[in-house]
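To keep things clear, I will list the structure first and then write my remarks on it.
The values are calculated or read from the model by the stated rules, or taken from the named source; none is laboratory data. Quick caveat, the model's predicted, so the values are computed rather than measured. In this analysis, Cβ positions are derived from the backbone assuming ideal geometry, glycine residues included, and neighbour counts consider all displayed protein chains. These area figures cover heavy atoms from the full protein model, side chains too; ligands, DNA and RNA do not enter into them. Shrake-Rupley method; radii C 1.70, N 1.55, O 1.52, S 1.80 Å.
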Amino acid sequence: MPPALRVAYQATRLFGPRTDVGVYAYEVLARLAVHDDLDVRAYAATWRGRGRLAELVPAGVTAVGRPMAARPLRTAWSRVAGPPIEWWTGPIDLVHGPNYVVPPTRGAALVSVHDLTPVRFPELCTRDTLAFPPLIQAAIDRGAWVHTGSHFVADEIRDHFRVDPERVVAIHDGLTPLAAADPARGRALAGADRYVLALGTVEPRKGFPTLVAAFDLVADDDPDVHLVVAGPDGWGVDAFLAAVSAARHRDRIVRLAWVDDPDRDALVHGATVFAYPSVYEGFGFPPLEAMSAGVPVVASTAGSLPEVLGDAARLVPPGDPEALADALAGLLGDEDDRAALAAAGHGQAGQFSWDLATDRLIDLYRRVVHSAR
């Protein structure tokens, strides 16, 4: 039997609440851990979280204990080919950075790029996020391959970066279907029997002000429906708050902050329609999760959403409140249409598997290592 492939895996996103990239990082790592032909070593580029990584990684993964300071290391890695990750992990065959950053290595390297928001919409980004593109290019220049979750983003990467097109590989992400939940609890949290639900950090990229404007149009003719927006405040929340303040039907807009998983699942199961009006998207976990729960979805055509959602969602142009309102009103007023779209969505969501995504990623690991020899 050949020796196990030695993989170093960046696990910083296991700290804190697990939003999209954090979910990806954990779900893949958990599946890598059960492969006997892999020797997986997790590291975390965080000074404040030093010493805690062993508590967070799945069984079967070795946690690297030596602390790492993210900011000075990122500065170094964007300018010079060092220090190599082997200073922390020992000898490896491949290092995988699942969150836009992969360090220098004496072996092979793979960096996951989930979207190009800092390139396409820099005005929607924080300073930390704007640092990603030079780090990605520096890794590519050192020989790293690039992985992404959609063909849409893969094409964007090929267009923007100096990279061999063959070294950019798209593998669709998996999906963890929502747990069963009581729709009545969701309706109680929403304070309404019929509601449109939107989930996510309230930040400019999510397009929530457009959703508020669209809801105002729908609510003119639908006196019972509510809008529920659930998720923590991000930067740029003022635009959303201003839209709510200006809405004619603001008394039917329910703002929930961070909700735990059981409440989140109940909100989705209880929703009449799920709305995802994103300005730009690299994959689209929330609408797929809603589909897995049998909830019809209205989403924008931004980024990878048409690729991922297919014909199983109503798709409208981003930033168009009238088109969004028409799609929402059509579904809210037609039970048969909702049922048909929900059935199509459930089938679409079933095509995305973390086991399949991880198996394909392991194949890519071996391809990347072979190319470096």
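Of note:
- Enumeration of residues in region 226-243 that are over 23 Å from Ser292 (Cα atoms) and either of a type in the set (Phe, Trp, Tyr) or open to solvent by less than 30 Å² (accessible area, probe 1.4 Å) (or both): Gly234, Trp235, Val237, Phe240, Ala243
- Residue in region 101-112 that is touching a residue at least 60 places away in the same chain (Cβ under 8 Å), open to solvent by less than 20 Å² (accessible area, probe 1.4 Å) and assigned to a helix (DSSP H, G or I) present: no
- Residues in region 173-198 that are exposed (fewer than 15 other Cβ atoms within 10 Å of the Cβ), modelled with pLDDT of 95 or more and either among the polar types (S, T, N, Q) or under 28 Å from Ser353 (Cα atoms) (or both): Asp182 only.
- Lone qualifier among Ala8, Ala54, Ala25, Ala4 - being surrounded by 22 or more Cβ atoms within 10 Å (Cβ to Cβ), in contact with a strand residue (DSSP E or B) (Cβ under 7 Å, 6 or more places away or on another chain) and not hydroxyl-bearing (Ser, Thr, Tyr): Ala8
- Residue match in region 128-137 (condition: buried (at least 17 other Cβ atoms within 10 Å of the Cβ), closer than 24 Å to Arg6 by Cβ and more than 20 Å from the chain's Cα centre (by Cα)): no
- Picking from residues in region 113-127 that are part of a loop (DSSP other than H, G, I, E, B) and modelled with pLDDT under 90, the one that is surrounded by the most Cβ atoms within 10 Å (Cβ to Cβ) is Cys125.
- Some residue of region 34-42 being within 23 Å of the chain's Cα centre (by Cα), in a helix (DSSP H, G or I) and either buried (at least 18 other Cβ atoms within 10 Å of the Cβ) or of a type in the set (Phe, Trp, Tyr) (or both): no
- Restricting attention to region 247-265 and to residues that are within 16 Å of Arg18 (Cβ to Cβ) and part of a loop (DSSP other than H, G, I, E, B), the residue that is most open to solvent (accessible area, probe 1.4 Å) turns out to be Trp258.
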